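Shown next, in structure tokens, is the structure this report addresses.
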Amino acid sequence: MSLLKVFFSYSSKDTTIINRIKEAFEDKTNNSIEIFLSCDGESIPLGVNWVAHIEKGLRKSKLMFVFISPHSISSKWIYYESGFFSSFLQKGREIIPVAIRIGLQVYA
């Protein structure tokens, strides 16, 4: 049986909290899911076309979490990834928006 593929869309400025969320998911699911993170140093191997690899991750994933934060709403990538994923929506594929760091004062 293959692992459920999950794509996390987020701002790289939120990597610390996203890594903690990823670890919690893996722990609670007994590592029965495969999470694609664009900034984890594992999901995208060095030397590959990273845009094509992100699109490949999006195509293979059945579930997408879009982490909405003050950082991510100003990032064009979160809109690209969620738009690309939604173009493949069909039965068995879902997008789940998750608010993080809302209410925090963020300065660029």
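Beta carbons closer than 6 Å, at least 6 apart along the sequence or on distinct chains, pair a first residue in the stretch 57-85 that is closer than 18 Å to Ala99 by Cα with a second that is modelled with pLDDT of 90 or more and aromatic (Phe, Trp, Tyr) for Met64/Phe7; Met64/Phe85; Phe65/Phe8; Phe67/Tyr10; Ser72/Tyr10. On the basis of being out of contact with any His (no Cβ under 8 Å at 6 or more places or on another chain) and among the charged types (D, E, K, R), does Lys13 make the cut? When the stated conditions are applied, Lys13 does not pass them. Candidates in the stretch 69-103 are the residues that are of a type in the set (Val, Ile, Thr) and surrounded by 13 or more Cβ atoms within 10 Å (Cβ to Cβ); of these, the one that is farthest from Lys5 (Cα to Cα) is Ile100.
The values are calculated or read from the model by the stated rules, or taken from the named source; none is laboratory data. Model, not experiment: these values are computed from the prediction. Reconstructed Cβ throughout: ideal geometry from the backbone, glycine too, with neighbour counts over all protein chains shown.
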